[in-house]
Structure formats: structure tokens, C-alpha cells
Amino acid sequence: MFSKGFRASGLITAILGLATGSSASPIAPGSTIGEGLLVQTSSGPVQGFVNLTTPDVRQFLGIPFAEPPVGNLRFARPVPKSPNGTVDAFALPSSCMQQTSNSTSIYTEYETGYLIDGGDSEDCLYLSIWAPKVDGIRFQQRPLPVLLYVPGGGFTSGGQASLYKIPDNWVQRTQSHIVVILNYRVNVFGFPNAEGLEDQNAGLLDQRLAVEWVHQNIANFGGDPERITFWGQSAGGGSVSLYTYSYPENPIVAAIAADSGAPGLISFTDYAHTNFTFLAGLVGCGGLNSSAELSCVRSVPATTLQTALSTYAGTPSISFKPSVDNVTVFANWTQRALEGKVAKIPMLIGSNTNEGAGFVSFTPDGPGAATLLNLTESIIACPVAEEVKNRNLVGLPTYRYQYAGNFSNISPLPWFGAYHSSELPLLFGTHSQYGGSPSTQFEWEVSYAMEALWLSFAEAPSRGPVRLAIEGVTGNPNNASVFEWPEFEQREDNMVLFAEDGVLMQLVSADRIDDYC
């Protein structure tokens with residue numbers, strides 16, 4: 001019911017026949033061109049490369065999946081990219097136009113690897129693909145599972161060019177999966193909620209188009225279009241979880257993985273479209289009817305809009321995030337689930353023990369335990385708990401976790417703990433690259449275990465995540481030779497807890513979270 005199975009291994013020959021070639025275009029020093037690096041796609045031929053630091057990974061960075069959303073396409077639903085010659089996919093694309101801030105946080109003061117690296121642009125609807133070398137796919141004898149990742153950023157910022165979330169080392173090590181990361185429009189460019197628009201949540205429509213592009217093209221990279229797991233964190237986790245309600249009959253993807261995200265992260269009150277009208281006034285487009293207002297704002301330079309939005313701090317406050325349109329976002333998620341209007345696919349979902357540390361202004365000693373707990377529960381953990389409850393009500397397979405890792409190279413001050421996003425370096429395999437101290441042996445064990453479980457889920461979602469026990473490693477629930485992650489049920493000891501008190505993983509009750517909600 002939840003998996004369409006594996007494709008025949010004979011398809012590999014056809015895939016690799018499409019994916020060979022070379023290019024005279026310049027690429028980064030220390031990189032090579034070789035087999036499987038010229039791939040045919042609906043956006044045109046795409047030329048990738050191999051970086052010698054991860055020599056068994058084919059990288060295709062910055063593939064356009066939509067036309068640039070500029071001019072009359074600003075604020076509009078994305079238009080599929082038409083071929084226009086060979087795409088030289090040699091560098092991560094610019095992030096979509098960001099909403100900036102002068103406030104401090106653990107990310108600005110210590111953990112800059114989560115922030116976007118490089119500039120932003122309206123021309124930003126690109127995705128990047130990391131795939132094993134051709135011989136690695138041949139060895140697998142079948143198309144590979146695909147993790148399609150949606151970055152977070154509170155729907156106001158973020159993008160794929162983020163150092164902690166580059167998966168090349170993970171793919172290099174396993175040679176058994178493909179990772180795709182997409183960009184989508186954020187803040188007013190992605191969620192304008194303007195009265196003159198038919199589609200209010202263009203950023204969510206960007207994500208859907210990226211899913212369609214991957215499903216259409218990933219076989220040519222060696223991936224299995226019937227085994228795509230739509231994965232995201234924070235706003236990305238919220239995006240992939242609400243996606244199941246937006247496309248209940250045709251989700252395309254086989255499974256959902258939501259780190260620290262759920263539909264309940266989205267709150268909306270601007271039914272009168274006042275935010276867009278107020279911003280229009282700030283950039284010289286005030287006093288117009290809805291059609292003229294929209295046309296005027298579309299003619300304003302993107303950087304002018306960005307500056308006005310980022311620097312305004314008056315009354316009334318304005319914000320641009322997903323809004324209820326009864327197409328992509330709905331007012332009552334529980335009712336929609338009870339009506340059966342949710343995709344019947346498995347989900348892996350969870351949160352971290354100290355999410356709140358990511359949502360406070362930075363001070364050396366932190367805001368105190370009570371404040372951190374309150375923010376952890378109210379902003380992330382309780383919305384996740386509510387989504388899990390909704391899925392339990394209608395019997396959808398759900399695998400729940402809590403992450404408690406507290407490693408000094410990722411959390412250098414004691415009060416950081418397992419803050420919002422801190423699991424990502426372990427999942428992407430980047431934890432040893434950007435911290436101030438080496439990763440511990442236990443940290444590597446936690447990283448390998450989590451990577452194995454997320455990948456196992458992508459390999460066969462209907463089976464659920466499984467992992468072979470490793471001799472000598474503590475924390476294997478029930479001391480079984482194979483750990484089979486149980487489906488979550490309320491009031492049972494079936495939530496997986498990672499990395500608490502030196503224990504790799506253990507099965508516990510979610511009451512430790514839910515009793516505060």
C-alpha cells in the first residue's frame with residue numbers, strides 16, 4: 001500500500017547509457033569530468049563533475065527546475081524550466097532573496113555553518129544532486145532511493161548553500177543513495193498573500209514543482225522515482241508534513257521525514273492582506289487597487305523590497321509566511337486528517353530536547369532552563385506531538401524520535417545542548433568538519449546510526465527503519481541483532497531517543513514531551 005516496490009535492475013543499463021559524456025566547460029580546480037556526468041533532463045543536458053575530495057560522488061550543483069521567477073513571474077506559481085542548452089552544474093546556486101536581521105543567536109555567534117554561504121537572488125529556483133559514481137550504482141543492481149531535502153529558515157530565509165548540510169561525505173561513504181536539495185522562495189517573494197494573486201503560497205508550489213522534476217528526471221541519475229522520501233527540517237519539516245495534506249491523492253513521493261517540523265508551525269491571521277498592502281506603501285506603491293498594487297510591486301527592484309522588509313521595525317508588525325488558501329495550507333489539520341484528506345504514506349518525525357536554544361537572543365549563559373523548555377515545547381515539540389496524534393487517529397504509519405545529542409564541537413557552551421538543527425551535522429556527516437574540536441567516537445556512532453535509519457526508511461518506507469546491531473555499541477533497544485523501529489502509538493515505549501546520557505539509542509515513552517503540551 002505504501003511502496004510501489006523496486007524497479008528492474010535492467011533499467012540501470014538504460015540509465016547509465018544516458019548518463020555519459022564530457023564537457024570542455026571549465027570547472028573547479030581539483031575536479032574531474034568522466035563517466036555518468038552528462039545527464040539528459042527536462043531542463044536540458046546537465047553537466048556535472050567529481051570533486052577529488054569525494055571521488056566517488058557525482059555532483060550536479062545548480063540545476064534549474066523552474067524559469068527565473070522575475071518580472072510578471074514574481075509572486076506567481078513557478079513555471080517549469082524549458083531547455084536552453086547544456087547546464088554547467090558546477091556550483092551551488094544563489095539562495096532565494098533572504099529576509100535579514102541584526103539580532104544575535106547561537107547561529108550568528110557560534111554556529112555559522114547553518115547559515116547560507118554566498119549571495120541571494122530572485123533567480124534562485126535550482127536544485128542540486130549528489131549521486132554515487134556509476135560503478136557504485138552498477139554494484140547496487142537497482143535504482144537508488146532518493147532523499148529530497150527542503151531546507152529550513154522559518155519561511156523567511158535559508159537555502160541549499162549551507163555548509164553543515166552538504167551531503168557529499170554521506171554519499172561517498174554509503175554509495176547507496178542519492179540526495180537532492182532544493183531552493184524555494186521565502187518571505188514576501190514566496191508567501192506574498194496579496195489580494196490580487198490567485199496563488200498565495202508560491203514557495204510551497206516551488207517545492208511541488210521540484211518534487212515533480214525529481215520524479216521525472218531522477219532515473220537518469222540512477223535514482224528510483226518510486227522511492228523518493230521528501231525530507232525537511234524546521235520550516236522544511238513543516239513544509240513536507242503539510243505537503244501530505246495538500247496532495248492527499250497524488251503525493252508522488254513514497255514517504256515523508258520531518259525533523260523538528262509539523263503543520264502546526266504555521267500560524268496565519270492576515271486574512272485582509274494588510275501585510276502586502278503595507279509593504280507596498282513602504283516601496284512607493286500605496287493607495288492603489290489590488291491589481292495595480294500587485295503590478296507596481298512587481299516592478300520594484302528585489303533588493304528594495306528586501307531592504308524595506310528587513311529593516312522595517314515599526315507598528316503594525318508585518319510578516320510573510322504560508323497562509324491559509326485551502327489548497328496548500330488549511331485551517332484545521334485534524335479535521336482534514338479525519339476526513340481522509342491526507343496522503344497514505346509513512347512518516348518519520350521528531351524533535352530535539354533543547355530546540356528553544358535556537359530561538360533566543362544570544363547571551364553567554366543562556367536564558368535559563370525554564371525559558372528553554374517553554375520555547376522547546378511551544379515552538380516545535382508540541383506541534384510535532386499534535387501531528388503525530390493526528391496520524392495516529394487515522395492509522396498512518398509514523399516513526400517518532402527525540403534527539404538529545406550534546407557534543408562540544410556542535411554545542412560548545414553547556415546550555416546549547418540538542419538545540420534546533422543540531423542533529424543535521426550528524427545526519428549529513430559534516431559534524432567533524434566545522435566544529436572547534438574533533439568528533440568523539442560516540443558522536444560518530446550516533447551519526448552512523450541515524451544515517452543508517454533515515455536511509456533504511458528511504459529504502460523501504462513500508463517496512464519502516466531497521467538497522468543491524470553493531471557489536472560493542474551500547475544502546476541497542478532490547479539487545480536484538482536487528483533493531484526494527486516500531487510504529488509510534490500514544491502512551492507506549494516506542495519513541496526512539498538518540499544520544500542521551502551516553503546511550504546510542506533507546507525506546508522511551510513520548511510522555512516526556514507530550515505531558516507538557
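The values are calculated or read from the model by the stated rules, or taken from the named source; none is laboratory data. All figures in this text were calculated on a predicted structure; none of them were measured in a lab. All Cβ positions, glycine included, derive from the backbone under ideal geometry; neighbour counts span all protein chains shown.
Looking at this structure, is LYS321 over 30 Å from LEU455 (Cβ atoms), within 21 Å of the chain's Cα centre (by Cα) and basic (Lys, Arg)? Criteria met by LYS321.
Could you grab me the full set of residues in the stretch 179-196 that are closer than 30 Å to LEU427 by Cβ and of a type outside the set (Ser, Thr, Tyr)?
Looking only at the stretch 179-196, we keep the residues that are closer than 30 Å to LEU427 by Cβ, and these are 179-187, 189-191.
Residues satisfying the conditions are VAL179, VAL180, ILE181, LEU182, ASN183, ARG185, VAL186, ASN187, PHE189, GLY190, PHE191.
The residues listed here are GLN98, GLN59; of these, the one that is within 30 Å of ASN409 (Cα to Cα), within 22 Å of the chain's Cα centre (by Cα) and assigned to a loop (DSSP other than H, G, I, E, B) is GLN98. The residues of the stretch 310-350 that are closer than 23 Å to THR269 by Cβ and either among the acidic types (Asp, Glu) or in contact with a His (Cβ under 7 Å, 6 or more places away or on another chain) (or both) amount to a single one, ASP325.
Tell me whether the stretch 341-352 contains one or more residues that are of a type in the set (A, V, I, L, M) and free of Cβ contacts under 8 Å to residues at least 12 places away in the same chain. Full working, then the answer.
If we filter the stretch 341-352 for residues that are of a type in the set (A, V, I, L, M), which is where we start, we get 342-343, 345, 347-349.
With free of Cβ contacts under 8 Å to residues at least 12 places away in the same chain added as a condition, the list becomes none.
Taking every residue of the stretch 341-352 in turn, none turns out to be of a type in the set (A, V, I, L, M) and free of Cβ contacts under 8 Å to residues at least 12 places away in the same chain.
When the stretch 54-74 is filtered for residues that are more than 17 Å from GLY203 (Cα to Cα) and not aromatic (Phe, Trp, Tyr), the ones remaining, listed by number, are THR54, PRO55, ASP56, VAL57, ARG58, GLN59, LEU61, GLY62, ILE63.
Within the set ALA313, ALA272, ALA292, the sole residue that is of a type in the set (A, V, I, L, M), surrounded by fewer than 18 Cβ atoms within 10 Å (Cβ to Cβ), outside any loop (DSSP other than H, G, I, E, B) and without any contact (Cβ under 8 Å) to a residue 12 or more places away in the chain turns out to be ALA292. Among the residues examined, GLU67 does not qualify as among the acidic types (Asp, Glu) and modelled with pLDDT under 95.
Going through the stretch 111-159 one residue at a time, which ones are in a strand (DSSP E or B), more than 15 Å from the chain's Cα centre (by Cα) and of a type outside the set (A, V, I, L, M, F, W, C)? Residues satisfying the conditions are ASP120, SER121, PRO132, PRO145.
Residues are listed down the side, and each one gets a yes or a no for (1) out of contact with any helix residue (DSSP H, G or I) (no Cβ under 9 Å at 6 or more places or on another chain); (2) surrounded by fewer than 23 Cβ atoms within 10 Å (Cβ to Cβ):
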{"residue": "SER411", "(1), (2)": "no, yes"}
{"residue": "TYR419", "(1), (2)": "no, no"}
{"residue": "LEU426", "(1), (2)": "no, no"}
{"residue": "GLU489", "(1), (2)": "no, yes"}
{"residue": "ALA499", "(1), (2)": "no, no"}
{"residue": "ARG512", "(1), (2)": "yes, yes"}
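Closer than 18 Å to SER162 by Cβ and touching a Gly at 6+ places or on another chain (Cβ under 8 Å): does that describe TYR419?
Details: closer than 18 Å to SER162 by Cβ: yes; touching a Gly at 6+ places or on another chain (Cβ under 8 Å): yes.
Spelling it out, TYR419 is indeed closer than 18 Å to SER162 by Cβ and touching a Gly at 6+ places or on another chain (Cβ under 8 Å).
Just so you know, in the stretch 160-182 the residues that are without any contact (Cβ under 8 Å) to a residue 60 or more places away in the chain and either of a type in the set (A, V, I, L, M, F, W, C) or not in a strand (DSSP E or B) (or both) include one that is surrounded by the fewest Cβ atoms within 10 Å (Cβ to Cβ), and it is VAL179.
Considering the stretch 76-121, and only residues there that are loosely packed, with under 15 Cβ neighbours inside 10 Å and touching a Gly at 6+ places or on another chain (Cβ under 7 Å), the residue that is farthest from GLY196 (Cα to Cα) turns out to be THR86. Would you tally the residues in the stretch 440-459 being more than 22 Å from the chain's Cα centre (by Cα), surrounded by fewer than 21 Cβ atoms within 10 Å (Cβ to Cβ) and not aromatic (Phe, Trp, Tyr)? Of the residues in the stretch 440-459, 3 are more than 22 Å from the chain's Cα centre (by Cα), surrounded by fewer than 21 Cβ atoms within 10 Å (Cβ to Cβ) and not aromatic (Phe, Trp, Tyr).
Any residue that is more than 16 Å from GLN99 (Cβ to Cβ), not in a loop (DSSP other than H, G, I, E, B) and not charged (D, E, K, R) - is there at least one of those in the stretch 318-333? Yes, the conditions are met somewhere in the stretch 318-333. Inclusion of GLN141 among residues that are more than 30 Å from TRP415 (Cα to Cα) and crowded, with 18+ Cβ neighbours inside 10 Å is not warranted. Every listed requirement among (1) farther than 30 Å from ASN217 by Cα; (2) of a type outside the set (S, T, N, Q); (3) surrounded by 16 or more Cβ atoms within 10 Å (Cβ to Cβ) is met by PRO263 save one, (1).
Pairs are defined by a Cβ separation below 7 Å, a sequence spacing of at least 6 or placement on different chains, a first member in the stretch 373-400 that is surrounded by fewer than 24 Cβ atoms within 10 Å (Cβ to Cβ) and among the hydroxyl-bearing types (Ser, Thr, Tyr), and a second member that is at pLDDT 95 or above and in a helix (DSSP H, G or I); the pairs so defined are THR398/VAL388; THR398/ARG391; THR398/ASN392. Exactly one residue out of GLY356, GLY350 is closer than 19 Å to GLY153 by Cβ, crowded, with 16+ Cβ neighbours inside 10 Å and within 20 Å of the chain's Cα centre (by Cα): that is GLY356.
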